[in-house]
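Asks: Got a structure for you, questions after.
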Amino acid sequence: MRPLVGAKTQQLISRVFTPVSPVRWRAAQTRRSCGSSPNGEKPRPSMLRHLTSKIKATGPISVAEYMREVLTNPVTGYYVRNNMLGPDGDFITSPEISQIFGELLGVWILSEWMGGGRPKQLQLVELGPGKGSLASDVLRVFSQLRSVLGEASVSLHLVEVSPVLSRLQAQNLTGNYSQEAGAEDEPIYRRGETTTGLPVSWYRCLDDVPAGFSIFLAHEFFDALPIHKFQRTEKGWREVMVDIDPETPDRLRFVVTPSPTLASSTLVQADERRDHVEVCAEGGVIIQQLARRISEDGGAALIADYGHDGTKTDTFRGFKGHQLHDVLVSPGSADLTADVDFSYLRRMAAGGVVCLGPVTQRTFLKNMGIDTRLQVLLRNCADPSTRKQLISSYDMLTNPAKMGERFHFFSLLPAPLPVAGFSELSFS
């Protein structure tokens, strides 16, 4: 937010909260995952067969290519075939835990729109929108503060590669008011509108979203993008790859390349001090796209994810049924993820925008007024079970031992000015 950030944001909060290579490859010494798979689990044949055929034809593949195939392969990819969110899925996200999370982000978006001069057009762009829960909560705040938005034209733009999730998002956000495009190559592959008449569009990539003042949200999006893994050796940096286990042909293993790859020669910083590094080159490209759009068209980006500021090493892991899962076992049946390196994102954003954070989720939500919101909800709620659920959700979101310090917020802005959520609100 811009000047008078404290007063303006407090006004918004009060209004919302009132009622096969011949060279010998060395087996990698890094851990394979954060946990092992259950005994007797059968691999998904189609994806495993696809990967082993690829490796037999071209040799070991990078971890980035492995993640890309496993998660987004158009036929057998995890995100393409599955609804993985919620209590019955493989993981649950903050918007599914409590509506307060999305409401506070809605206030943040409006404060940045006001700080940007209240442009007549406001595009809300969400990358990887899950079930649509976060967008739904944000739009509810917009409806409550319609008088603040005035005559501004508001539209929702969702970047989603999963057909399964896009249909679920359409149902949650538009009901029966959406239609798929007639041709597969159209940039907008689905259109619809909410019950209040707000237009919603779906895209497969960020480049297809039209130019204009935009607020970008990326909640648990960057952690699922493909990463390259690198290991420091006596001969210098080498890339960690995925290969077929020679002793068990239907299993995969990590190996370290005997010589440098293009990725290991270009993606590792010269002054890197860690012995093992994960680099998300695709995430760097997206950050550059966001920075360019914000610099040229105005707006802001808010990234919320678990990660670190250039300190961690081996974070690649899998999740299945809310449990840690071996990343190389039964590919395509579990989510794959790696902590976001915010120092890398900051470096890739370059000088076109200002980067704020990362700050912990606990800090961000408290700065945005989550304590005030909780007290209002509790005062207006007499049902004991609902009150218990509100308190439990608050604890899950803010407790340092749970999500409070595990997740972080990071922002891109066009100017070096104070922003809501990244510093404590001043109500004077």
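Asks: Points 7 angstrom from Cα along the Cβ direction at SER392 and ALA281: gap in nanometres?
Replies: 4.5 nm
Asks: Only bridges whose two residues both fall in segment 268-376 count here: according to DSSP, what percent of them are antiparallel, nearest 5? Intermediate results must be reported in sequence, preceding the final value.
Replies: On the way: 6 of 8 bridges.
Of the beta bridges lying entirely in segment 268-376, close to 75 percent run antiparallel.
Asks: Another question, if that's okay. Whole-Hz ³J(HN,Hα) for each residue in segment 181-192, computed from phi via Karplus 6.51 cos²θ - 1.76 cosθ + 1.60 with θ = phi - 60°, x for glycine and proline: what do you get?
Replies: Using θ = phi - 60°, the values come out as 5, x, 10, 5, 8, 6, x, 9, 8, 8, 10, x Hz.
Asks: Would you mind calculating the gained length between LYS312 and GLN121 on full extension (0.36 nm times residue separation, minus the Cα-Cα distance), in nm to one decimal? Could you put the intermediate results ahead of the total?
Replies: On the way: separation 191, 0.36 × 191 = 68.76 nm, distance 4.00 nm.
Additional length available on full extension: 64.8 nm.
Asks: ILE188 to LYS402: FRET efficiency via 1/(1 + (r/R0)^6), r the Cβ-Cβ distance, R0 41 Å, to the nearest 0.05?
Replies: Working: r = 38 Å, r/R0 = 0.93.
Working from the Cβ atoms, E equals 0.60.
Asks: For ALA300, which sequence-distant residues (separation of 5 or more, or a different chain) have an amide H within less than 5 Å of its own amide H, given hydrogens modelled in the peptide plane?
Replies: When sequence neighbours closer than 5 places are left aside, the close amide H contacts are SER214, ILE215, PHE216.
Asks: Another question, then. Are any of the pairs LYS131/LYS402; LYS235/LYS402; LYS131/LYS388; LYS54/LYS235; LYS229/LYS320 more than 32 Å apart by Cα-Cα distance, and if so, which? Could you put the intermediate results ahead of the total?
Replies: Working: LYS131/LYS402 22 Å; LYS235/LYS402 40 Å; LYS131/LYS388 25 Å; LYS54/LYS235 28 Å; LYS229/LYS320 22 Å.
Violating the 32 Å Cα-Cα cut-off are LYS235/LYS402.
Asks: Just to be sure I understand the model, the point goes 7 Å from the Cα along the line to the Cβ. What's the resulting GLN375 to ALA350 distance in nm?
Replies: It works out to 4.7 nm between the two label points.
Asks: So, one more: Count charges around PRO95 for me, please; just the other residues with Cβ under 11 Å from its Cβ, Lys/Arg as +1, Asp/Glu as -1. Walk me through the numbers on the way to the answer.
Replies: Working: positive: LYS131; negative: GLU96, GLU103, GLU126, ASP137, GLU220.
So the environment of PRO95 carries a net charge of -4.
Asks: When the chain is fully extended, how far beyond the present Cα-Cα distance does ASP271 get from VAL75, taking 0.36 nm per residue of separation? Numbers along the way, then the final one.
Replies: Working: separation 196, 0.36 × 196 = 70.56 nm, distance 4.08 nm.
Working it through step by step, the gained length comes to 66.5 nm.
Asks: Expected output is a single nm value to one decimal: the length gained when fully extending between TYR177 and GLN289, i.e. 0.36 nm times separation in residues minus the C-alpha distance. What is it?
Replies: On the way: separation 112, 0.36 × 112 = 40.32 nm, distance 3.06 nm.
Roughly 37.3 nm would be gained on extension.
Asks: Under the definition of Cα pairs under 8 Å and six or more residues apart, what whole-number percent is the relative contact order of segment 207-307?
Replies: Numbers: 134 pairs, mean separation 43.6, N = 101.
Value for segment 207-307: 43 percent.
Asks: What residues from segment 220-255 fall in the zone where the backbone N is under 19 Å from a label point 7 Å along the Cα-to-C-beta line of SER53?
Replies: In segment 220-255, the label zone of SER53 (backbone N under 19 Å from the point 7 Å along Cα→Cβ) covers 243-245, 249-252.
Asks: Here's a follow-up. Per-residue HN-Hα couplings for segment 242-254, Karplus 6.51 cos²θ - 1.76 cosθ + 1.60 at θ = phi - 60°, whole Hz, x for Gly and Pro?
Replies: Rounded to whole hertz, the list is 10, 9, 7, 6, x, 8, 9, x, 9, 10, 10, 8, 8.
Asks: Now a separate question. How big is the shadow of the Cα convex hull of segment 308-383, averaged over all directions, in nm²?
Replies: Numbers: hull surface 35.8 nm².
The number I arrive at for segment 308-383 is 8.9 nm².
Asks: I'd like the Karplus ³J(HN,Hα) series for segment 318-330: coefficients 6.51, -1.76, 1.60, θ = phi - 60°, whole numbers in Hz, and an x wherever there's a Gly or Pro.
Replies: My calculation for segment 318-330 gives x, 9, 8, x, 6, 10, 5, 9, 4, 5, 9, 9, 6 Hz in order.
Coordinate-derived values only; no laboratory data. The structure presented is a predicted model; accordingly, all values stated were derived computationally and were not measured. With ideal geometry, Cβ positions are generated from the backbone for all residues, glycine too; neighbour counts draw on all protein chains shown.
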